[in-house]
Amino acid sequence: MRHFLNTSDLTRIEIGTVLALAKQRPEALGWPLADYGVALIFEKPANRTRHSMEIAVVQLGGHPGYTRGEEVGIDVRETAEDIAAGMAGYHGLLAARVFKHDVVVRMAKVSGVPVVNMLSDHSHPLQALADALTMQQTIGDLAGRSVAWSGDWNNVARSL
């Protein structure tokens with residue numbers, strides 16, 4: 001089992017594979033999430049992320065379970081570890097959009113299923129993959145290319 005908390009969790013070859021798969025129509029991918037629930041934990045709400053993740057899970061054959069931050073109260077009502085351990089008993093995958101990166105790290109340490117970081121203050125790996133896909137579609141092969149970042153150093157810059 002592997003978690004996806006940072007882009008560095010994937011090798012270059014694996015990133016290339018992910019980008020190639022992302023270019024395919026969903027029906028061509030089969031149903032890799034068939035019979036699985038996917039917990040979508042949103043401590044930090046986001047309309048586009050919620051909808052894109054829910055649709056992606058459905059297109060891959062799974063069932064998304066959306067949870068708002070106030071419903072679980074990460075480290076207020078329950079620890080991140082308790083939330084991850086409990087939800088892993090119901091779902092085949094946990095995806096979390098959180099304020100502090102330490103939360104997804106702690107979830108991954110105890111989860112019996114893979115944890116995906118939808119966003120944290122440290123990294124935004126799904127956005128980085130989407131940006132790389134856009135760059136690839138726009139300029140072609142990215143091998144040997146450099147990315148210039150203009151603006152504050154943030155989670156997306158770190159992930160790219």
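Quick one: longest stretch of the chain between exposed loop trypsin sites (Lys or Arg not before Pro), exposed meaning at most 13 other C-beta atoms within 10 Å and loop per DSSP? Result for the longest clean stretch: 78-144. Between the alpha-carbon centres of the range 109-160 and the range 47-75 there is a gap of 20 Å. Please report the net charge: other residues with Cβ closer than 13 Å to the Cβ of residue 107, K and R +1, D and E -1. Within the 13 Å Cβ shell, the charges total -2.
A 1.4 Å probe, protein heavy atoms only, puts the accessible area of residue 36 near 120 Å².
Going by accessible surface with a 1.4 Å probe and the largest first, 74, 13 read 13, 74. Given a 1.4 Å probe and the protein chains as shown, residue 19 ends up with an accessible area of around 10 Å². Count charges around residue 137 for me, please; just the other residues with Cβ under 13 Å from its Cβ, Lys/Arg as +1, Asp/Glu as -1. Net charge around residue 137: -1. Taking Cα atoms only, the orientation of helix 101-110 departs from the longest principal axis of the chain by about 60 degrees. Rg then Dmax, both in Å and based on the Cα atoms of the range 100-145: 14.3, 41. Listed by chain and number, the lysines whose C-alpha is less than 22 Å from the C-alpha of residue 100, apart from same-chain residues fewer than 8 away, are 44, 109. In the range 59-117, the convex hull through the Cα atoms has an average projected area of 4.0 nm², a quarter of its surface area. Projecting the alpha carbon convex hull of the chain along each direction and taking the average yields 9.7 nm². Over the range 2-77, one equal point on each Cα, no solvent: what is log10 I(q)/I(0) by the Debye formula at q = 0.16, 0.24 Å⁻¹? Listed by q, the Debye log ratios stand at -0.76, -1.22. In sequence order, the range 84-90 has phi-based couplings of 5, 5, x, 5, 5, x, 9 Hz under the Karplus curve 6.51 cos²θ - 1.76 cosθ + 1.60, θ = phi - 60°, and Gly or Pro positions carry x.
Computed about the Cα centre, the dipole magnitude for the range 67-121 is approximately 140 debye when only Lys and Arg (+1) and Asp and Glu (-1) carry charge, each at its Cβ. Accessible-area rank, largest first, for 51, 63: 63, 51, with all protein chains present and a 1.4 angstrom probe.
The values are calculated or read from the model by the stated rules, or taken from the named source; none is laboratory data. Just so it is clear, the structure is predicted and the values come from calculations on it, not from any experiment. Neighbour counts run over all protein chains shown; Cβ positions are idealised from the backbone, glycine included. Just so you know, the surface numbers come from the protein's heavy atoms only, side chains and all, with ligands and any DNA or RNA stripped out. Shrake-Rupley method; radii C 1.70, N 1.55, O 1.52, S 1.80 Å.
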